[in-house]
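Peer 1: Right, I'll just put the structure down here and ask away after.
The values are calculated or read from the model by the stated rules, or taken from the named source; none is laboratory data. Note that this is a predicted model, so its numbers are computed, not measured. Here the Cβ positions follow ideal geometry from the backbone for every residue, glycine too, while neighbour counts run over all protein chains shown. Ligands, DNA and RNA are excluded from the accessible area calculation, which covers all protein heavy atoms including side chains. Shrake-Rupley method; radii C 1.70, N 1.55, O 1.52, S 1.80 Å.
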Amino acid sequence: MAPDSLPAALDYPLEPPLADGSVVEVAPGILWARMPMPMSLDHINVYLLRADDGWTLVDTGLNTEAVRRLWLHIAATHLEGLPVKAVLCTHYHYDHAGLAHWLTGHFKVPLYMTHGEYYMLRMASLPPSDPMPDAHRDFFTRAGMPDAVMAPMMEALHADPFLAPAPLAFRRLRGGDVLEIGARRWRVVIGEGHSPEHACLYCEDDRILVAGDQLLPRISSNVAVTCVEPEANPLQLWLESLDRLDELAADTLVLPSHQRVYRGLHARVQQLREHHAREFDKVGAYVRENPDCTAFEAMMCMFPKLRSPMDHLLGLGEAIAHLSWLRYAGTIRRVLDDDGRYTFSIMK
Ligand SMILES: [Zn+2]
């Protein structure tokens, strides 16, 4: 995810809760809590939806002892004597679903996810293959990633401290499903590009959107090509998802997974479109000025200040996503050179 310096056309009506087990009531029967994350993005928002017979938890936080303690504190303090009834994860990323296994086991409740996200969660619960399979190594080699960068990146993946088991059963959410939780009806709106089948929840009557990572107010979500699906065009899927979200009501209260609850959905959609348009221009100009460049070189131009091995993984995936979008749009072309690397040039 990259910080963006766009002017704030958004309205933030609420002070956020601290990541200490306190909650803020966003609307009657909707609580907002924060879970800490030991990284530069230092928190994730989680939401609790009340029905007469119990609560649905939306997203879980990371698989850490601190977050488990906070959930126990919240359950003991803020649930008005009602039980936890269900856990719903917007998508499989480990800040969102890392405690799905523990929460569903502890409270003996079902997990709700889309099919695409659930199976990604199952995959993500397995340690990465060691050594890296050839098909995956080829992806990084073709991208022009030097071995000196690839080796520490693989080490970082293997040393992932947040690897969590996945629940072995789930209840499937599909786009268009309507969930009745208390007095509210929530329609499942699918987003793609950041993850394969990301569930947002939209309450039409109250104009509230539980947005997950689809519409963050101040950062653009990571949209990346990965070694598992090297020919994907996730930015096209992401931009089409923005179009779908743009159809929701202008005064929708957006409950994002990071940063603050806000109004200004249409302005935010437009900012994100413009952000990617600028990135397409930047990457396109780089390719024009540097014919036969690799994705790794384009990444260094897009993100000159990458630090950690994980930054390289995310940054490379984002650079390839922009190159792929330009390639599928017919703006640039790609050839495999004699060293087994893809190089990019502007279409004449
Ligand atoms: Zn995510």
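Peer 1: Can you go through 104, 90 and tell me which one is hydroxyl-bearing (Ser, Thr, Tyr), farther than 19 Å from residue 43 by Cβ and modelled with pLDDT of 95 or more?
Peer 2: 104
Peer 1: Identify the single condition in (1) without any contact (Cβ under 8 Å) to a residue 24 or more places away in the chain; (2) open to solvent by less than 10 Å² (accessible area, probe 1.4 Å) that residue 305 does not satisfy, given that it satisfies every other one.
Peer 2: Of everything listed in (1) without any contact (Cβ under 8 Å) to a residue 24 or more places away in the chain; (2) open to solvent by less than 10 Å² (accessible area, probe 1.4 Å), residue 305 misses just condition (2).
Peer 1: Another one. So in the range 77-86, with the set limited to residues that are part of a loop (DSSP other than H, G, I, E, B) and touching a residue at least 24 places away in the same chain (Cβ under 8 Å), which one is least open to solvent (accessible area, probe 1.4 Å)?
Peer 2: Looking at the filtered set, the residue picked out is 79.
Peer 1: Looking at (1) crowded, with 19+ Cβ neighbours inside 10 Å; (2) over 16 Å from the mean Cα position of the chain (by Cα); (3) outside any loop (DSSP other than H, G, I, E, B), which one does residue 117 not meet, given that it meets all the others?
Peer 2: Residue 117 satisfies every listed condition except (2).
Peer 1: Can you tell me which of (1) free of Cβ contacts under 8 Å to residues at least 12 places away in the same chain; (2) open to solvent by 70 Å² or more (accessible area, probe 1.4 Å) is the one residue 172 doesn't meet?
Peer 2: Answer for residue 172: the failing condition is (1).
Peer 1: Would you please name the residue that is farthest from residue 218 (Cα to Cα), looking only at residues in the range 266-291 that are free of Cβ contacts under 8 Å to residues at least 60 places away in the same chain and open to solvent by less than 40 Å² (accessible area, probe 1.4 Å)?
Peer 2: Among those that are free of Cβ contacts under 8 Å to residues at least 60 places away in the same chain and open to solvent by less than 40 Å² (accessible area, probe 1.4 Å), it is 287.
Peer 1: Another question about this same structure. Considering only the range 223-322, give the helices (runs of 4 or more DSSP H) lying wholly within it that have at least 2 residues that are within 16 Å of the ligand (Cβ to nearest atom) and at pLDDT 95 or above.
Peer 2: Result: 234-245.
Peer 1: List, please: which pairs have Cβ atoms under 6 Å, are six or more places apart or on different chains, and start with a residue in the range 87-98 that is more than 10 Å from the ligand (Cβ to nearest atom) and end with one that is aromatic (Phe, Trp, Tyr) and open to solvent by 20 Å² or more (accessible area, probe 1.4 Å)?
Peer 2: Here the result reads 88/112; 98/162, each pair linking the range 87-98 to a residue that is aromatic (Phe, Trp, Tyr) and open to solvent by 20 Å² or more (accessible area, probe 1.4 Å).
Peer 1: Could I ask something else about it? Taking the criterion of being open to solvent by 30 Å² or more (accessible area, probe 1.4 Å), in a helix (DSSP H, G or I) and either small (Gly, Ala, Ser) or farther than 30 Å from residue 342 by Cα (or both), would at least one residue in the range 136-150 satisfy it?
Peer 2: Yes, the range 136-150 has at least one match.
Peer 1: Looking only at the range 227-245, count how many residues are within 18 Å of the chain's Cα centre (by Cα) and open to solvent by less than 70 Å² (accessible area, probe 1.4 Å).
Peer 2: 12
Peer 1: If I ask for residues that are within 10 Å of the chain's Cα centre (by Cα) and assigned to a loop (DSSP other than H, G, I, E, B), which ones from the range 212-222 would you list?
Peer 2: Residues satisfying the conditions are 213, 214, 215, 216, 221, 222.
Peer 1: A further question on this structure: If we scan the range 194-202, do we find a residue that is over 14 Å from the mean Cα position of the chain (by Cα) and open to solvent by 10 Å² or more (accessible area, probe 1.4 Å)?
Peer 2: No, the conditions are met nowhere in the range 194-202.
Peer 1: Taking the range 55-76 only, how many residues are surrounded by fewer than 19 Cβ atoms within 10 Å (Cβ to Cβ) and under 22 Å from residue 201 (Cβ atoms)?
Peer 2: Summing the residues that are surrounded by fewer than 19 Cβ atoms within 10 Å (Cβ to Cβ) and under 22 Å from residue 201 (Cβ atoms) in the range 55-76 gives 0.
Peer 1: Considering 83, 38, 28, which residue is modelled with pLDDT under 95 and either of a type in the set (D, E, K, R) or more than 16 Å from the ligand (Cβ to nearest atom) (or both)?
Peer 2: That would be 38, the only listed residue that is modelled with pLDDT under 95 and either of a type in the set (D, E, K, R) or more than 16 Å from the ligand (Cβ to nearest atom) (or both).
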